[in-house]
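To start, the structure itself, in structure tokens.
The values are calculated or read from the model by the stated rules, or taken from the named source; none is laboratory data. Everything numeric here is computed off the predicted structure, so don't read it as measured data. Positions of Cβ are backbone-derived with ideal geometry, glycine not excepted, and every protein chain shown enters the neighbour counts. Note: areas computed on protein heavy atoms with side chains; ligands, DNA, RNA excluded. Shrake-Rupley method; radii C 1.70, N 1.55, O 1.52, S 1.80 Å.
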Amino acid sequence: MHTTSLAEYMKPIEAGLDWKGVGEIMLRSAEKLKRAGADFLICPDNTVHQAMPFVLPRSPLPWLHIAEEVGREAQRRGFRKVGLTGTKFLVSGPVYPEKLEQLGIGYILPTEPQRERINAIIFDELVRGQVTAEALLFVQQVIEQFKLQGCDAVVLGCTEIPLLISDRESPLPTLDSTRTLARAAIRYALES
């Protein structure tokens, strides 16, 4: 395991969505992990997966892609259309749409105001360990709207969102991206 602080990743993102810069950070970690003896790589941060087009061609090791693993889990569980939650950078980007479309799974994105509010909940509250009833209610309302639009599950597309909501509180079954990726990594390691 190797990790660079979230603040380092956020610098190129906030400086103009510099995904190539994010990719350079990821490649430094990949090199360190290869030297440490890793066989493959994962990244539990959904948002930085937007850097994968810059990372994969130069990576010293193979990666499991979080959105692909979540899509496979959705297929396994029989979900046909999912709502997507996550940072505004993630839900405005191609990471999940590309992988879900490849797997034949439909998706709904939050509205622009919902994206902004969820992003604020993530960065202003959850990353600081704050979980509020107001934040939970807001995310439940977003998920309820997904349900009314025909979704049969919701992707918790941020490491911190499961701190706020799980299957117990959600109007739809949840696909916890972090747990899904961890389980996929275990399977991959045992099969290799």
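Odds and ends about this structure:
- The charge dipole of the chain, taken about its Cα centre with unit charges on the Cβ of Lys, Arg, Asp and Glu (plus for the first two, minus for the last two), comes to roughly 480 debye.
- In the chain, the alpha-carbon atoms span a convex hull of 117 Å³ per residue.
- Accessible-area rank, largest first, for Leu27, Leu148: Leu148, Leu27, with all protein chains present and a 1.4 angstrom probe.
- 3J(HN,Hα) along segment 91-104: 6, 8, x, x, 3, 6, x, 4, 5, 5, 4, 4, 9, x Hz, from the Karplus curve 6.51 cos²θ - 1.76 cosθ + 1.60 with θ = phi - 60°, whole Hz, x for Gly and Pro.
- Long-range amide H partners of Arg80 with built H, under 5 Å: Asp152
- Note on Leu64 and Ser166: their simple-model spin labels are 2.0 nm apart, each label 7 Å out from Cα toward Cβ.
- Cross-link partners of Lys147 among lysines, defined as those whose alpha carbon lies under 22 angstrom from its own and excluding same-chain residues fewer than eight positions apart: Lys81, Lys88, Lys99.
- Ordered from largest to smallest accessible area (heavy atoms of protein chains, 1.4 Å probe), the residues Asp176, Asp18 come out as Asp18, Asp176.
- Toward the positive end of the charge dipole of segment 134-191, with +1 on the Cβ of Lys and Arg and -1 on the Cβ of Asp and Glu, the farthest Cα among Ser166, Ile143, Ser177 is that of Ser177.
- Rounded to whole numbers, the Karplus 3J(HN,Hα) couplings from phi for segment 123-137 are 7, 8, 10, 4, 5, 9, x, 9, 10, 10, 5, 5, 5, 4, 4 Hz, using 6.51 cos²θ - 1.76 cosθ + 1.60 with θ = phi - 60°, and x at Gly and Pro.
- For Lys32, the aspartates and glutamates whose Cα falls under 14 Å of its own Cα, not counting residues fewer than eight places away in the same chain, are Glu24.
- Taking the chain as a Gaussian network of alpha-carbon nodes connected by springs under 10 Å, the highest mean-square fluctuation of the residues Thr159, Thr47, Thr111 belongs to Thr111.
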